[in-house]
Amino acid sequence: MEQIIATVRGFDGALVLLPEPGSDFPEIAWGDAFFYYAPDGRTPANAQPYATIVTKDYPDDTASDLDPPGRRRVNIHLDRATFQELTGEEPHSLRRPRDYAAADTVMPHPVYGAVGWISVVNPGERTTDTVVRLLRDAHAAARARFARRRGPGRAPEDHSSNAGEGHS
């Protein structure tokens with residue numbers, strides 16, 4: 001996962017948040033990673049991350065069996081066409097049963113698949129290149145959304161609630 005985090009850090013305008021013990025983030029997020037397009041280095045006030053890495057089961061998200069040591073899951077938000085190409089299904093009409101705990105397999109996110117998120121538990125030989133490509137595409141899409149929000153004559157986003165966070 002360090003390779004994936006390092007790759008995303010190399011994207012122009014990327015902000016990688018790595019909550020850790022003692023930070024301002026909730027304890028449940030400690031050890032996870034959150035990826036944003038934020039050229040000013042501040043957490044966007046009105047945007048969700050375009051990708052995450054989770055290191056444990058969450059109370060409402062246990063299908064990937066992430067609690068055993070060494071299990072991680074990369075989650076990436078995709079456009080509808082890419083989601084359909086990779087999964088063979090439309091995000092809002094997922095019907096096929098899946099083994100969400102299967103490693104090194106691209107599949108809909110077990111909770112957020114219906115809104116266009118895919119997941120890969122422990123990317124390996126079969127999926128790492130795809131994951132990196134999807135992260136690049138998701139970063140580019142986040143950059144495009146940022147540019148649209150900032151259109152001509154728009155005031156900069158207010159980051160006052162993020163002042164002093166200094167996470168990277």
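What's the total number of residues in region 62-88 that are surrounded by 15 or more Cβ atoms within 10 Å (Cβ to Cβ), closer than 19 Å to Val115 by Cα and either free of Cβ contacts under 8 Å to residues at least 24 places away in the same chain or touching a strand residue (DSSP E or B) at 6+ places or on another chain (Cβ under 8 Å) (or both)?
Residues flagged as surrounded by 15 or more Cβ atoms within 10 Å (Cβ to Cβ), closer than 19 Å to Val115 by Cα and either free of Cβ contacts under 8 Å to residues at least 24 places away in the same chain or touching a strand residue (DSSP E or B) at 6+ places or on another chain (Cβ under 8 Å) (or both) within region 62-88 amount to 11.
State which residue is modelled with the lowest pLDDT when the search covers only region 1-27 and only residues that are hydrophobic (A, V, I, L, M, F, W, C), part of a loop (DSSP other than H, G, I, E, B) and within 16 Å of the chain's Cα centre (by Cα).
My answer is Met1.
Can you report the number of residues in region 4-55 which are among the hydroxyl-bearing types (Ser, Thr, Tyr) and without any contact (Cβ under 8 Å) to a residue 60 or more places away in the chain?
Qualifying residue count for the region: 2.
Of all the residues that make up region 69-111, how many are more than 20 Å from Ala141 (Cα to Cα), in a loop (DSSP other than H, G, I, E, B) and not basic (Lys, Arg)?
Count: 14.
Picking from Ala6, Ala101, Ala47, which residue would you name as being farther than 28 Å from Arg145 by Cα, surrounded by fewer than 19 Cβ atoms within 10 Å (Cβ to Cβ) and of a type in the set (A, V, I, L, M, F, W, C)?
Selected residue: Ala101, the only one of Ala6, Ala101, Ala47 that is farther than 28 Å from Arg145 by Cα, surrounded by fewer than 19 Cβ atoms within 10 Å (Cβ to Cβ) and of a type in the set (A, V, I, L, M, F, W, C).
Against the definition (in contact with a strand residue (DSSP E or B) (Cβ under 6 Å, 6 or more places away or on another chain) and within 23 Å of Arg145 (Cα to Cα)), how does Phe34 come out, yes or no?
Spelling it out, Phe34 is indeed in contact with a strand residue (DSSP E or B) (Cβ under 6 Å, 6 or more places away or on another chain) and within 23 Å of Arg145 (Cα to Cα).
Being in a loop (DSSP other than H, G, I, E, B), surrounded by 13 or more Cβ atoms within 10 Å (Cβ to Cβ), in contact with a strand residue (DSSP E or B) (Cβ under 8 Å, 6 or more places away or on another chain) and polar (S, T, N, Q) is the requirement here; does Thr52 meet it? Explain how you work it out, then say what you get.
Numbers: in a loop (DSSP other than H, G, I, E, B): no; surrounded by 13 or more Cβ atoms within 10 Å (Cβ to Cβ): yes; in contact with a strand residue (DSSP E or B) (Cβ under 8 Å, 6 or more places away or on another chain): yes; polar (S, T, N, Q): yes.
No.
Taking Arg148, is it charged (D, E, K, R), out of contact with any helix residue (DSSP H, G or I) (no Cβ under 9 Å at 6 or more places or on another chain) and either at positive phi or at pLDDT 95 or above (or both)?
Values: charged (D, E, K, R): yes; out of contact with any helix residue (DSSP H, G or I) (no Cβ under 9 Å at 6 or more places or on another chain): yes; either at positive phi or at pLDDT 95 or above (or both): no.
Considered against the rule, which asks whether it is charged (D, E, K, R), out of contact with any helix residue (DSSP H, G or I) (no Cβ under 9 Å at 6 or more places or on another chain) and either at positive phi or at pLDDT 95 or above (or both), Arg148 comes out as no.
The values are calculated or read from the model by the stated rules, or taken from the named source; none is laboratory data. The structure presented is a predicted model; accordingly, all values stated were derived computationally and were not measured. All Cβ positions, even for glycine, are placed from backbone atoms using ideal geometry, and neighbour counts span all protein chains on display.
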